[in-house]
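The values are calculated or read from the model by the stated rules, or taken from the named source; none is laboratory data. Predicted model, so just to flag it, every value in this text is computed and none were measured. Please note: Cβ atoms are built from the backbone with ideal geometry, for glycine as well, and neighbour counts cover all protein chains shown. Each accessible area value is taken on the protein alone, full model and side chains, heavy atoms only, with ligands, DNA and RNA left out. Shrake-Rupley method; radii C 1.70, N 1.55, O 1.52, S 1.80 Å.
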Amino acid sequence: MQVVRTTEALRLALTGDGAPGSIGFVPTMGALHSGHLHLVEQSRSANDITVVSIFVNPSQFNNAQDLERYPRDEQRDVALLTDAGVDVVFVPNTAEMYPPGFSTWVTVEGLTNVLEGEFRPGHFRGVATVVTLLLQMVRPQRAYFGEKDWQQLLVVRRLARDLMLDVEIVGVPTVREPDGLAMSSRNERLDHSARRAAVVISQALAAAQAEYTAGERDHDALERKLHNTLAQEPALTTEYALITDANTLQAPASSNAPLRALIAAHIGGVRLIDNIPL
Ligand code: PAF
């Protein structure tokens, strides 16, 4: 496995021995967990070469403290990726991604006004810009994103389509801990009691899904189910808990719209998000 830190070294690694075959790409911010390794597996099974990037992207953090506290452990990440059979790891620094004078930003309109976009102003401008840059640098045939960040997946699909990037964006279902908590790098920051309490997020989603499966179609009733379940855990502060059209993230316009339940909440000083299809 090659670890490269510059765009030039990345290009050499990907073109060194002539045509590299198909490239699968997994962008990450490091602090890897089984969810990331599952994305790597998906990429390896469908492509000749798998590239993973590790870059904690400052422009997608709207809170300086959140950026500072984001877990980082490059040595451990590189060891995990070596064992996972990754071919190239791209670990750029901030100047490599945003050289002096950098002034071009990618903004996806509409989709980014709600949910994460509402509570984390500027977040998706940072995500859309760094993902566009990374896709230009790696030029993969396929890029893999977890469904845990459902809104991010929709935003990336939209930018790839609108900017006519020649890449397939592959969404991969969320990997969960045995008790249901969605895998996330932020889970590392939960202390023992916050970790125990955090399970209520996936329980609320499962409760709404069960009601839907049992025939409930009233969105208010399904949202009440989310809120009532979350309210059972006093240590948690809900930011949003909504049932939306899975594709537009707006209130469902018709009774046959595909639905998604989405939650963002704070627990023990950590902000967690999760979602589930209904
Ligand atoms: O999901 C993430 O880890 C990040 O938002 C991404 C896609 C790597 C962009 O920084």
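Some notes on this structure:
- Dipole of the chain, positive direction: furthest Cα of Ala257, Leu134, Met1, with charges on the beta-carbon: Leu134
- Rg to Rh, two decimals, where region 1-99 supplies the alpha carbon set and Rh follows Kirkwood: 0.98
- Of the whole protein surface, Arg69 contributes about 120 Å² of accessible area at a 1.4 Å probe radius.
- Using only side-chain charges placed at the Cβ, +1 for Lys and Arg and -1 for Asp and Glu, the dipole size of region 1-146 relative to its Cα centre rounds to 140 debye.
- Relative contact order (%) - criterion: Cα under 8 Å, at least six apart; region: the chain: 17
- Taking all protein chains as shown and a probe of 1.4 angstrom, Asp166 keeps an accessible surface of around 140 Å².
- Whether region 67-188 is rounded, prolate or oblate, judged on the alpha carbon gyration tensor where a/c under 1.5 counts as rounded: rounded
- What region 130-218 shows is 47 Å² of accessible area per residue, with the surface traced by a 1.4 Å probe over protein heavy atoms.
- The angle between the Cα long axis of helix 34-46 and the longest principal axis of the Cα atoms of the chain comes to about 60 degrees, rounded to the nearest 10.
- Cα-derived Rg over Rh, computed across region 182-278 with Rh taken as Kirkwood radius: 0.99
- The chain: radius of gyration and largest Cα-Cα distance (Dmax), Å: 19.1, 59
- Gyration tensor verdict on region 171-234 (Cα atoms; rounded if a/c is under 1.5, prolate if a/b is larger than b/c, oblate otherwise): oblate
- Counting only DSSP H runs of at least 4 residues, each contributing -39500 (n - 2.57), and dividing by the residue count of the chain, the helix-based mean residue ellipticity at 222 nm comes to -12000 deg cm²/dmol.
- Think of the chain as a dipole: +1 on every Lys or Arg Cβ, -1 on every Asp or Glu Cβ, centred on the Cα centre; then among Ala241, Ser34, Ile54, Ile54 lies furthest on the positive end.
- The convex hull around the C-alpha trace of region 140-183, projected and averaged over every direction, spans 3.1 square nanometres.
- The charge dipole of the chain, taken about its Cα centre with unit charges on the Cβ of Lys, Arg, Asp and Glu (plus for the first two, minus for the last two), comes to roughly 160 debye.
- Per-residue SASA entry for Thr94, accessible area with 1.4 Å probe, Å² rounded to 10: 70
- Ordering of 146-152, 219-225, 104-110, 239-245 by burial proxy (mean other Cβ atoms within 10 Å per residue, highest first): 146-152, 239-245, 219-225, 104-110
- Note on the chain: antiparallel DSSP beta bridges, both residues inside, total approximately 50 percent of the bridges counted.
- Shape category assigned to region 1-56 from the gyration tensor of Cα positions, a/c cut at 1.5: oblate
- A convex hull fitted to the Cα coordinates of region 228-278 yields 77 cubic angstrom per residue.
- Alpha carbon convex hull of region 63-132, volume per residue in cubic angstrom: 140
- Magnitude of the charge dipole for region 199-239, about its Cα centre and with charges confined to Cβ atoms of Lys, Arg (+1) and Asp, Glu (-1), is about 80 debye.
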